[in-house]
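Note sheet for the following structure.
The values are calculated or read from the model by the stated rules, or taken from the named source; none is laboratory data. Keep in mind it's a predicted model, so treat the numbers as computed, not measured. For neighbour counting, all protein chains shown are included, and Cβ atoms are generated from backbone atoms with ideal geometry for every residue, glycine included. Accessible surface areas use protein heavy atoms only, side chains included; no ligands, DNA or RNA. Shrake-Rupley method; radii C 1.70, N 1.55, O 1.52, S 1.80 Å.
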Amino acid sequence: MSKLRWHHASALVATSAAVVLGLAVAPAAGAGGVSAAFSKGSDWGTGYEGKYTIRNGGTTARTSWTIEFDLPAGHKLSGLWDGSYTTSGQHVTVKNTWNGSIAPGASISFGFNVGYSGAFTAPTGCKLDGGSCDATGEPPTTTPPTTTPPTTTPPTTNPPTPGGKISLGYFTQWGVYGRNYHVKNIVTSGSASKLTHINYAFGNVTNGQCVLGDTYADYDRAYSAADSVDGVADTWDTGALRGSFGQLRKLKKQFPHIKVLFSFGGWTWSGGFGQAAQNAAAFADSCYKLVEDPRWADVFDGIDIDWEYPNACGLSCDTSGFSSFKTLSQALRNRFGQDYLVTAAITADGSNGGKIDAADYGGAAQYLDWYNVMTYDYFGAFNAKGPTAPHSPLTSYDGIPQQGFNSDAAIQKLKSKGVPASKLLLGIGFYGRGWTGVTQSAPGGTATGAAPATYEAGIEDYKVLKSKCPVTGTVAGTAYAHCGSEWWSYDTPATIGGKMTYTKSQGLGGAFFWELSGDTTNGELITALRGGLN
């Protein structure tokens, strides 16, 4: 596959009318009973972060729980983590995922974001397993767990996420220039409440070390009050953090459930990984010191490696050997320890003898929290004359130009190498690839070159394509469009919904997308992605 550098959100429960902001309010639990209490954290005027804490005051361990509550008019749930949920109007029902077991004297919690208009009002009508949240007594012996908890406790660095699935989006460093996309846009589009993780792309890899790629965009650019996440202008005071790093800090304050990883490499900056693997410990140490620089250490929760591609060819060819990726991954885990996320974006070439077969992705998986499998850019106008083909097919189809170049082939191959399904995230492109000089509507037609586009021929954002060249058909779980002499392929809310159904059916850890600025201003695609994972 060929890819460009851009590759790639009170109070009391139930019957109480008092509101206590920012503090958990303990209900009047009955003797030996089990209780649930609501508390409100951050509030940004149009939304807030809430939490319910369930305490087991009994003598018997809980094996499951169900919480129900009602949101007031004008309030809408926009995301929830550490539980799975359903809604019916203003009524919300939340069931345990990994956290059904509560030992006597212990407690668990789940968090959620709510958007609202007007004034904040706390949820009402709390029920715990159908009874009062004040006290339900001993847990019923006949209530089975709603889901089977995993056999191991999830790592503290990667807590369970909304609907139990990860939804990760890339934020591009250079997007603050011509694209005029800034961290604040993550909030105004509604995307922040639907994200669990953000990958900041990219840092460079050179001379065997992790280095910054654009210091001005990263930490120096001053944001005005109008362009800042919190409406407060950056200052030039000594020690003040500006740029996207500073804005990400503000974003995390408003949306504390979001974890941010610093991604290194990418299509253009992958050439240094081979040298880095020769002294993996020194490389990992340089990355740790950069990610944990005291000026922005609180911004990042881990590191992501985007090596395109280990022991294979991308923009350049790497000959570091089959084990180099595993060596690098182990060194990063050793240096960052278990308190940080360590992940990798990897090839989705599922062909026999292809890029997945070239490196030890199975062996490296033990050191990594998950893989972002780049299941896009399979086909495009880098082959100027075609044949036209969808750049992100979910499955194979009759006439596909190359076998193994589809999402399912990559996922199945990685599973066969021993990578747990829960460590695989399906990749979604928030953009399309297209040709010009095409007369045939169906895939497989000839072309004369790359279709014109806003920033680079042959590649265009979804937010442009949805109107410029509307969908005329679907193939292999994705969409294509023929308009005039142009032919484009891209994902839509409907096809993303299908891909999320696949993600859940395969037991994958979630999904990720490249990248935030390709979506509409109201977040059509991320809404479909997040909704499909719930």
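Overview of results
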| quantity | calculated |
| --- | --- |
| Any hit, segment 73-96, residues being modelled with pLDDT under 80, touching a helix residue (DSSP H, G or I) at 6+ places or on another chain (Cβ under 8 Å), open to solvent by 10 Å² or more (accessible area, probe 1.4 Å) and polar (S, T, N, Q) | yes |
| Set G497, G507: member being surrounded by fewer than 24 Cβ atoms within 10 Å (Cβ to Cβ), modelled with pLDDT of 95 or more, assigned to a loop (DSSP other than H, G, I, E, B) and not basic (K, R) | G507 |
| Conditions (1) of a type in the set (G, A, S); (2) open to solvent by less than 10 Å² (accessible area, probe 1.4 Å); (3) on the phi < 0 side of the Ramachandran plot: number failed by G458 | (3) |
| Residues (part of a loop (DSSP other than H, G, I, E, B), open to solvent by less than 30 Å² (accessible area, probe 1.4 Å) and within 14 Å of K40 (Cβ to Cβ)) located in segment 97-126 | A122, P123 |
| The lone exception for T448 - which of (1) touching a strand residue (DSSP E or B) at 6+ places or on another chain (Cβ under 7 Å); (2) of a type in the set (V, I, T); (3) open to solvent by less than 30 Å² (accessible area, probe 1.4 Å) it fails | (3) |
| Residue satisfying all of: in segment 45-69; open to solvent by 50 Å² or more (accessible area, probe 1.4 Å) and part of a strand (DSSP E or B); modelled with the lowest pLDDT among these | K51 |
| Single residue of segment 291-317 satisfying the filter (aliphatic (A, V, I, L, M) and within 25 Å of K423 (Cβ to Cβ)) that is surrounded by the fewest Cβ atoms within 10 Å (Cβ to Cβ) | A312 |
| Segment 251-262, subset open to solvent by less than 40 Å² (accessible area, probe 1.4 Å) and outside any strand (DSSP E or B), residue farthest from L332 (Cα to Cα) | Q254 |
| Condition check for D298: farther than 20 Å from N372 by Cα and assigned to a loop (DSSP other than H, G, I, E, B) | yes |
| Residue in segment 425-435 that is assigned to a strand (DSSP E or B), among the hydrophobic types (A, V, I, L, M, F, W, C), buried (at least 22 other Cβ atoms within 10 Å of the Cβ) and out of contact with any Asp or Glu (no Cβ under 8 Å at 6 or more places or on another chain) present | yes |
| Those residues of segment 318-363 which are surrounded by fewer than 24 Cβ atoms within 10 Å (Cβ to Cβ), over 17 Å from S286 (Cα atoms) and small (G, A, S), in sequence order | S320, G321, S323, S324, S351, G353, G354, A358, G362, G363 |
| Output for segment 460-476, where each listed residue is closer than 18 Å to W514 by Cα and either among the charged types (D, E, K, R) or in contact with a Leu (Cβ under 7 Å, 6 or more places away or on another chain) (or both) | E460, D461, Y462, K463, K466 |
| In segment 400-424, residue farthest from W488 (Cα to Cα) [restricted to those that are small (G, A, S) and open to solvent by less than 30 Å² (accessible area, probe 1.4 Å)] | A421 |
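Yes or no, residue by residue, for (1) under 12 Å from the mean Cα position of the chain (by Cα); (2) modelled with pLDDT of 95 or more:
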position	(1), (2)
P140	no, no
P144	no, no
P150	no, no
N180	no, yes
S189	no, yes
A192	yes, yes
L195	yes, yes
V211	no, yes
